[in-house]
Amino acid sequence: MTPFNPQRFQRRQFLRTISGLAAGAYASGLARADDLPRNTNPRAIFGDSAEPDWKQRLTLTVGPKKADLVGATDRVIQAAVDYVARRGGGTVRVLPGTYRLRNSIFLESKVRLLGSGTDSVLFKEPSVTTQLIVDGDHWDQEVTLADPKGFQVGDGVRLVSKDPYGKGTNIIQRTLIAYSGNRFKLDRRLEERFHLEGDPRIATNFSLLQCTSVADVVIENITVDGNKAHNEMLDQGAFDDGSVRLDECNRITVREVTARDFYCDGIVWGISHDVVVENCHLDNGARLALHSGSGSQRSIVRGNRMRRSAEGIYFCWGAQHGLYEKNVIEDCNYGMTFGHSDSANLIRDNDIQRSVEAGIHFHGGKKALAPHRNRVEGNRIVESGSTALPFQYRICARGERGE
């Protein structure tokens with residue numbers, strides 16, 4: 001007879017319990033939402049996303065005059081966004097006027113930013129750039145500028161430097177929150193090394209509208225002007241900045257937005273899912289009009305017009321399962337570009353005209369990382385690519401062929 005071993009018994013009992021819990025979790029997973037009784041008259045319950053379709057939510061107006069919050073800067077719009085967000089969401093209505101921005105407007109979940117079309121203009125102030133003159137380490141929360149002229153508390157800034165240990169280029173985005181002389185405090189620590197041997201520089205570069213880790217945001221019927229002629233792109237595009245930028249977001253809608261004269265990208269989203277960009281007009285950008293960024297799933301890009309940018313729609317590193325239809329792309333170097341693992345997208349009923357290099361460009365290098373299973377149908381590609389070889393360069397594929 002085997003002696004009783006309490007430790008072994010407890011271990012067996014623990015394993016049986018875990019196995020039972022796992023089986024129960026699996027079984028519960030088989031019950032799909034479609035099988036649940038439908039709630040046709042939901043109540044507002046704490047923590048539950050299902051709630052009534054309220055007839056009215058909070059609306060706050062912002063404008064140069066006769067508004068709930070009066071002013072014409074990023075600060076007054078930010079104040080309205082924060083106020084509405086703290087009360088569960090609603091609409092910030094930007095009345096006609098030109099609003100001069102020295103920092104991004106940081107949007108929050110369940111907030112709708114509604115403008116008045118081309119009469120409501122978010123205008124980026126000219127950028128200023130200078131060197132850092134004191135080494136900055138990753139624990140530091142201040143920088144010392146060679147020339148502080150043009151920098152103000154509240155400014156959005158980008159810092160760029162070569163890493164002293166060969167890691168590449170360090171790029172961060174911060175806000176100036178205090179200063180004395182030429183020393184400025186940042187809203188967060190540097191987190192990277194900005195040593196003098198890496199030629200560290202700072203500039204007032206920032207996106208005009210910024211969404212970070214938020215959901216259920218609507219940006220609608222407003223104009224953003226990047227003031228390209230008076231803004232330097234300090235990082236040469238390495239930060240993938242945009243006039244409108246979405247990072248790690250869900251269910252963001254950008255509708256009837258005019259983005260013009262942007263010194264970087266027009267609208268860019270990365271690791272952001274179920275993004276809708278529709279009926280927007282993007283004109284005269286330095287880089288990419290629409291930048292469907294890394295890992296973004298199920299984007300819907302419909303009814304937009306893009307003109308005079310380096311590229312119309314740029315798929316970047318794992319943009320997948322999206323729908324791109326009824327867009328017009330004119331006078332860009334490339335109409336559309338697909339690259340690393342940009343797969344399983346449906347591209348249909350678009351008009352691509354007068355692309356310098358190619359109407360649609362596929363590149364991806366090795367087969368395993370190439371763009372696969374993209375369906376291209378019913379598009380009109382006109383006067384694009386080499387006139388000597390017109391058909392070949394309407395759609396151009398480089399690298400190992402995939403599916």
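The values are calculated or read from the model by the stated rules, or taken from the named source; none is laboratory data. As the structure is a prediction and not an experimental result, all values here were calculated from the model. Every residue, glycine as well, gets a Cβ built from its backbone with ideal geometry; the counts of neighbours run over all protein chains shown.
Right, Ser109: touching a residue at least 60 places away in the same chain (Cβ under 8 Å), outside any strand (DSSP E or B) and closer than 19 Å to Ala80 by Cα or not? For Ser109, the condition - touching a residue at least 60 places away in the same chain (Cβ under 8 Å), outside any strand (DSSP E or B) and closer than 19 Å to Ala80 by Cα - is met.
Being at pLDDT 95 or above and either within 22 Å of the chain's Cα centre (by Cα) or under 20 Å from Met233 (Cβ atoms) (or both) narrows it down to one of Thr175, Thr169, so name that one.
Residue meeting the stated conditions: Thr175.
Quick check on this structure: which one of Val224, Val214, Val244, Val254 is more than 23 Å from Arg158 (Cα to Cα), in contact (Cβ under 8 Å) with a residue 24 or more places away in the chain, of a type in the set (Val, Ile, Thr) and touching a strand residue (DSSP E or B) at 6+ places or on another chain (Cβ under 8 Å)?
None of the other options fit; the residue is Val254.
Residue pairs whose Cβ atoms lie under 7 Å apart, separated by 6 or more positions or on different chains, with the first residue in the range 133-146 and closer than 16 Å to Gly181 by Cα and the second surrounded by 13 or more Cβ atoms within 10 Å (Cβ to Cβ) and hydroxyl-bearing (Ser, Thr, Tyr), are Ile133/Thr144; Val134/Thr144; Leu145/Thr130; Ala146/Thr130.
For the range 43-75, taking the residues that are at pLDDT 90 or above and in a loop (DSSP other than H, G, I, E, B), the one that is surrounded by the most Cβ atoms within 10 Å (Cβ to Cβ) is identified as Ala72.
Of the listed requirements (1) of a type in the set (S, T, N, Q); (2) surrounded by 18 or more Cβ atoms within 10 Å (Cβ to Cβ); (3) in contact with a Lys or Arg (Cβ under 9 Å, 6 or more places away or on another chain), Ser299 misses just one: (3). Comparison of Asn182, Asn221, Asn227 shows that the only residue that is surrounded by fewer than 22 Cβ atoms within 10 Å (Cβ to Cβ) and in contact with a helix residue (DSSP H, G or I) (Cβ under 7 Å, 6 or more places away or on another chain) is Asn221.
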